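What follows is calculated from the coordinates using simple rules that are stated; it is not laboratory data. The structure presented is a predicted model; accordingly, all values stated were derived computationally and were not measured. Every residue, glycine among them, receives a Cβ derived from its backbone with ideal geometry; neighbour counts consider all protein chains shown.
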Amino acid sequence: MSILDQPDRWESLDPGDMGHLIQSFPAQIEGAAQMVRTLSLTSAAPIATVVVAGMGGSAIGGDVIRAMATSWLEIPFLVCRGYRLPRFVGPSTVLFASSYSGNTEETLSAYEQARLAGAAIICVTSGGKLASLAHSHGHPVMPLPSGLPPRAALGYSAVFLLGAMTALKLAPDMSASLRETVAVLKQLVAAYAPEVPVHKNRAKLMAHAIHGRIVALYAANSILEPAAVRWRGQLEENAKNLAFHHLLPEMNHNELVGWELPSRSLRQIAVVFLRDMEDHPQVQRRLDLTREIIARKASPVYEVWSEGESPLARIFSVICLGDFVSLYLACLNSVDPTPVPIIETLKQALGRSPGD
């Protein structure tokens, strides 16, 4: 019997209860949607650009909204991961400073640049220095619930951003999309839950298949781009398992050639193609052909299709599966999915003077 079907054995590996946090994803989105329902925000100047400044799990919500906004947003939307903002940021920019802890140094740097540039700033955080600065300078704060790993607050951060954009009249009413997303996720959580045995549980089967392998993730450069980023991040942070991702068609112009050598190592790579019904028809053909080529080199090769009708439901349906796969892979890797000690070690080293 698989260890994944013996909760009394593997739950001890999850003292931070990441499993519960992943299963509560639909409830999180449902709660966040209620919290932003009466949100009121204004901008002193007409908004010409939207920028989300964040890192890691605090930036993924921006990726999700940027991907789904292509069909209705008529101004540029940028997710900025780093210390410096583009020079175009100014009074006509609304900047979302997203840092779960409120102490992310890259986001604090972006906040200060945006403040000096006169941008409209909205902070999404659970507290820390970012919340203190926002209160001091009179910038609105959308408070995230405390006590979560940043990557486990995706439902809140994405819906908060969406709600703020709706309040600013940059997004249409998304109530129906949010209701559908919650319904789809509830069905998927039930299908991937720990009590569902391996032979009936797609997430457990995938975790077993990719166990012991580096994972390559491929998607079209459309709405599932954030899902590919999320899969990679969750496999790395939860399962402590190296992964990488690329997007088509660009991948067909460079990385595909790399699937020649070293042949022995390539056989140890697991590949997951993330697919969506609205991917460009020619990219659909490229994905089919790329899978045929790579299947001769790697094993296993999986294909994951999004579920639902709205872009939000489709993105989150793919993310949901990846979250569960990362949880079960963490168990198979005998690691605690919650802590990320190497990141904390790096932060401590950065906080020391170069000569220390």
Cβ-based charge dipole, segment 1-109, positive-most Cα from 102, 71, 56 | 71
Taking H as built 1.01 Å from N, whose amide H comes closer than 5 Å to the amide H of residue 220, not counting residues under 5 places away?
-> 248
What nm distance separates the two modelled labels at residue 48 and residue 263, each placed 7 Å from Cα along Cα→Cβ?
-> 5.7 nm
Under a plain spin-label model, where a point goes 7 Å from the Cα along Cα-to-Cβ, how far apart in nm are residue 292 and residue 24?
-> 4.7 nm
Could you compute the FRET efficiency for residue 81 and residue 254, with r as their C-beta to C-beta distance and R0 at 22 Å, rounded to 0.05?
-> 0.55
Computed FRET value (nearest 0.05) for residue 112 with residue 173, which takes r as the C-beta separation and R₀ as 45 Å | 0.85
Dipole axis of the chain (+1 Lys, Arg; -1 Asp, Glu on Cβ), positive-most option in 335, 351, 226 | 351
Lys and Arg at +1, Asp and Glu at -1: neighbours of residue 302 with Cβ under 12 Å from its Cβ sum to +3
Cα point-scatterer Debye curve for segment 184-313, base-10 log of I(q)/I(0) at q = 0.09, 0.14, 0.19, 0.22 Å⁻¹ | -0.26, -0.65, -1.19, -1.48
Please give the helix 128-137 orientation as an angle from the longest Cα principal axis of the chain, in degrees from 0 to 90, rounded to the nearest 10.
-> 30 degrees
With the dipole of the chain worked out from charges on the C-beta (+1 for Lys and Arg, -1 for Asp and Glu) around the Cα centre, which of 164, 282, 126 lies farthest toward the positive end?
-> 282
What net charge is computed for the residues neighbouring residue 273, neighbours being all others with C-beta under 12 Å from the C-beta of residue 273, Lys and Arg scored +1, Asp and Glu -1?
-> -2
Within the set 14, 276, 173, GNM on the chain using Cα springs under 10 Å gives the largest fluctuation to 173
Taking segment 18-173 and dividing mean pair separation by its residue count, relative contact order in percent (alpha carbons under 8 Å, at least six apart) | 30 percent
Point-to-point label distance, residue 343-residue 38, nm (Cα→Cβ direction, 7 Å offset) | 3.4 nm
Expected unfolding gain across residue 211-residue 193 under the 0.36 nm per residue rule, minus the alpha-carbon gap, is 4.6 nm
Under 26 Å between C-alpha atoms, the lysine pairs in the chain lying 8 or more places apart or on different chains count 8
Could you size up the charge dipole of segment 18-173 around its Cα centre, putting +1 on the beta carbon of Lys and Arg and -1 on that of Asp and Glu, and report it in debye to the nearest 20?
-> 180 debye
With +1 on the Cβ of every Lys and Arg and -1 on the Cβ of every Asp and Glu, the dipole magnitude of the chain about its Cα centre, in debye rounded to the nearest 20, is 440 debye
